[in-house]
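Structure record follows, encoded as structure tokens.
Readers should treat all values here as calculations from the given coordinates under stated rules, not as data from a laboratory. If you're wondering where the values come from, they're calculated on a predicted model, not measured in any experiment. All Cβ positions, even for glycine, are placed from backbone atoms using ideal geometry, and neighbour counts span all protein chains on display.
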């Protein structure tokens, strides 16, 4: 196994006995744990002090909304105390000197670069320091320190070329780990550079990356990940789950950005109510790039760029923004759907909970999870499962599907309220989150619904196709989910009766 393990922001958190990131306590914990490389973040105070801090403000860690760039060095050094004091970069350099570890200095913009270079040069620390971060910052470092060990930032799955490496002459190409596959590693090595990636906290993913030849792996879980690489942990279910979780988180980030900055141009596909935005396309392109890097032998079928599968190899089904009409019209209720179908059933899944745009993930046999909490559908209250409850469904585009009006009336007579939120993914998955007692869609699509069905099933809910069978991946037809089998089957019965009533009335 190859690959050094880098302690991200020092060794911090519960695994490091409570040390706070980017403090001398975190640096000391990393040294005590034998870290080969310790990564720290550098920012600049208003009067030019180079301090260890990742965020632009002190809010996340200290509850202080001030921006470090607007504070003097004395003001910054007054924050915290003891193990939680914000240290100078010079302090960290002296801590690492002679310890046999390297200090990886990270800057997400160019402002601190010159000051950080002066600290390192003044301390004669070039031999045990490395540099990563923004491209502009790395250019300043290269101009100032011709022999510095530089990591070229790389934020796509595209393979770098020799022309990309010429200006900086980097020792490493440094990419988010989801973009790093075997082809990427081979391409970088052929150019005479090494591969670094961040931030890897799943043991199985770390071991996989080491197996394909990644040279440097940055993690928050130093000892756990080091042990996983050393023992070559193999757990494909856990690895897949970490990938889908990361992709759902990325989709959430892009969706939030679109809500804040605007969705840009909106076009339509089959009719004026069938919307597509650049957000849909961007998310799908990014997801395809990651899946292609991580699972090059799998098929991919997506809402915007198509694809096909004959079922002989695992296939990923993707809807990048489910509920695009909502997004295009300013309604904050959209989701994301990604499911891996293998041997005729979904085995890994991720959706976005529209409340907080939080990823919800599931793996066959391993449960469904939201924010680290395992989901469990509410227990049955007995009696008629639909009376006084809410059920959800979706339209056929902008139209009612055959039997919709009849089912609405029948449910109302049963004192059951029907809702149409506008995202089939969120509608079905919502049952696993306690939103309504049952839900249905009139036509199954694996791109939109396979992930949600697995999540409901893994949360202990019931899934039925339109024959009443438990089926997580039907060929066609309606699907029904319920907090209980009784609820799913009661909704199926109302749907069947409504369809029959509709058919009889049109004869």
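Odds and ends about this structure:
- Seen from a random direction on average, the alpha-carbon convex hull of region 301-386 projects onto 8.3 square nanometres.
- Diffusion constant of region 54-134 at 20 °C, which comes from Stokes-Einstein with the Kirkwood Cα-pair radius and 1.002 mPa s, µm²/s: 154
- Whole-number percent relative contact order across region 1-54, with pairs defined as alpha carbons under 8 Å at least 6 apart: 33
- Ranked list, fewest to most other Cβ atoms within 10 Å of each Cβ, for 391, 266: 266, 391
- For residue 504 and residue 94, the difference between the fully extended length at 0.36 nm per residue and the C-alpha to C-alpha distance is 139.2 nm.
- Here region 125-227 has an Rg and Dmax of 13.6, 39 Å, counting Cα atoms alone.
- Förster radius 35 Å - calculated FRET efficiency between residue 124 and residue 83 (Cβ-Cβ, nearest 0.05): 0.80
- Relative intensity, log₁₀ I(q)/I(0), of region 390-505 from a Debye sum that treats every alpha carbon as a point, q = 0.21 Å⁻¹: -1.13
- For the chain, alpha-carbon Rg and Dmax in angstrom: 26.1, 90
- Rg followed by Dmax, in Å, when region 215-302 is reduced to its Cα trace: 17.7, 56
- 0 to 90° range, to nearest 10: angle between helix 446-458 axis and the chain longest Cα axis: 90
- Computed label-point distance, nm, for sites residue 443 and residue 212 using a 7 Å Cα→Cβ extension: 3.7
- Taking every alpha-carbon pair under 8 Å whose residues sit at least 6 apart, the chain reaches a relative contact order of 9 percent.
- Shape class for region 4-234, computed from the alpha carbon gyration tensor (a ≥ b ≥ c): oblate, with a/c not under 1.5 and a/b at or below b/c.
- Shape of region 1-124, Cα gyration tensor, a/c cut at 1.5: oblate
- Counting only alpha carbon atoms, the long axis of helix 278-294 and the longest principal axis of the chain meet at about 70°.
- Exposure proxy shown here: for 139, 260, the number of other Cβ atoms within 10 Å sets the order, fewest to most, as 260, 139.
- On Cα atoms only, tilt of 485-505 relative to the major axis of the chain in degrees: 50
- Cβ crowding within 10 Å, taken as a proxy for footprinting-reagent exposure, orders 470, 109 from fewest neighbours to most as 470, 109.
- Modelled label positions at residue 333 and residue 493, each set 7 Å beyond Cα in the direction of Cβ, lie 2.8 nm from each other.
- Our summary gives region 4-234 a relative contact order of 17 percent, counting only alpha carbon pairs under 8 angstrom and 6 or more residues apart.
- For the listed peptides 147-156, 394-403, a ranking on the average number of other beta carbons within 10 Å per residue, highest first, reads 147-156, 394-403.
- Counting every pair of alpha carbons in region 237-374, the share spaced more than 26 Å apart comes to 22 percent.
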